[in-house]
Amino acid sequence: MLYSIARAIIRPIIFLLYRPKIDGYENFPLEGKTIIFSNHLSLMDPILIGCILPRQVFFMAKMELFRFPIFSWLLKKLGAFPVKRGTADLSAIKHSLQVLKEDKVFGIFPEGTRNKEGQVKTFSHGVAAIAHKSKAQTVPIAIIGKYEIFKPMKIKIGKPLDFNKYYIRKSSTELLEEITLEMEEALKDLLNSADVA
């Protein structure tokens, strides 16, 4: 309820200020368990993505953002949940899998921190493990721009990745590395295609 109200208020403001141009909107699944992963430029990223996509996104966010009780309450009401960065946070992983079990959308920035350099940093294996365990549709999203007022941001939504070849194999470090590399390459390709578009 709160998410719908907040989105209805914030969405027109975001579209006025940042004029997002969306490419590949048809690639986003309108139903079923879905993972979205994106590069991370700013704290505005989850707000921008949430305003663009037609389904609520449950974002994994760094624990530090939940330090203050009122802000923590608000984040949780909007669907965000905490993760301890730099560790194998089993609680956050379980929460992610529960979101997907309920056929919802789980969102993550797998670089682990904001990156304004434009180059995709190495992903952790966590999102690969979640993708393999859940067998969810996994969709890359590229965010391009500098969040300058009245200068359009560009968002490219890629096609869901075909992970069927991984689902028939047992989880292992090697397998998770393969999935991770494919996700990294998919995001790099989106960003590179935006550069030449």
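The values are calculated or read from the model by the stated rules, or taken from the named source; none is laboratory data. Computed from a prediction, not measured in an experiment: that's the story for all the values here. All Cβ positions, even for glycine, are placed from backbone atoms using ideal geometry, and neighbour counts span all protein chains on display. What goes into the accessible areas is simple: the full protein's heavy atoms, side chains included, and nothing from ligands, DNA or RNA. Shrake-Rupley method; radii C 1.70, N 1.55, O 1.52, S 1.80 Å.
Key figures for this structure:
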| read-out | value |
| --- | --- |
| Descending semi-axes in whole angstrom, ellipsoid equivalent of the chain, from the Cα gyration tensor | 25, 21, 16 |
| Listed residues 164, 27, 39, most fluctuating in the chain (Gaussian network, C-alpha, under 10 Å) | 164 |
| Residue 5-residue 169 FRET efficiency (beta carbon distance; Förster radius 30 Å; 0.05 resolution) | 0.10 |
| The chain, relative contact order in percent, only Cα pairs under 8 angstrom and at least six apart counted | 30 |
| Per-residue HN-Hα couplings for segment 38-43 [Karplus 6.51, -1.76, 1.60; θ = phi - 60°; Hz; x = Gly/Pro] | 8, 5, 10, 9, 7, 5 |
| Length released on extending from residue 31 to residue 193, taking residue separation times 0.36 nm less the Cα-Cα span | 55.6 nm |
| Over segment 1-61, equivalent-ellipsoid semi-axes from the Cα gyration tensor in Å | 17, 15, 13 |
| Carbon plus sulfur fraction of accessible area for segment 1-92, probe 1.4 Å, in percent | 66 |
| Å² per residue, accessible surface of segment 65-177 at 1.4 Å | 60 |
| Surface share of carbon and sulfur [accessible, 1.4 angstrom probe, percent] for segment 95-197 | 51 |
| 3J(HN,Hα) from dihedral phi, segment 49-61, Karplus parametrisation 6.51/-1.76/1.60, rounded to Hz, x for glycine, proline | 5, x, 6, 8, 7, x, 10, 5, 10, 9, 8, 7, 10 |
| Vicinal HN-Hα couplings computed from phi for segment 90-99 (Karplus, 6.51 cos²θ - 1.76 cosθ + 1.60; Hz; Gly/Pro x) | 5, 4, 5, 5, 4, 4, 4, 5, 5, 4 |
| Size descriptor, Kirkwood hydrodynamic radius, that averages inverse alpha-carbon separations across segment 94-156, Å | 13.7 |
| Helical mean residue ellipticity (222 nm; -39500 (n - 2.57) per DSSP H run of 4+; nearest 500) of the chain | -13000 deg cm²/dmol |
| Choice from 29, 82, 54 showing the highest fluctuation, given a GNM over the chain with Cα pairs closer than 10 Å | 54 |
| Gain on full stretching of the segment that runs from residue 135 to residue 56 - 0.36 nm per residue minus C-alpha separation | 26.5 nm |
| Most mobile of 55, 19, 169 in a GNM of the chain (Cα contacts under 10 Å) | 169 |
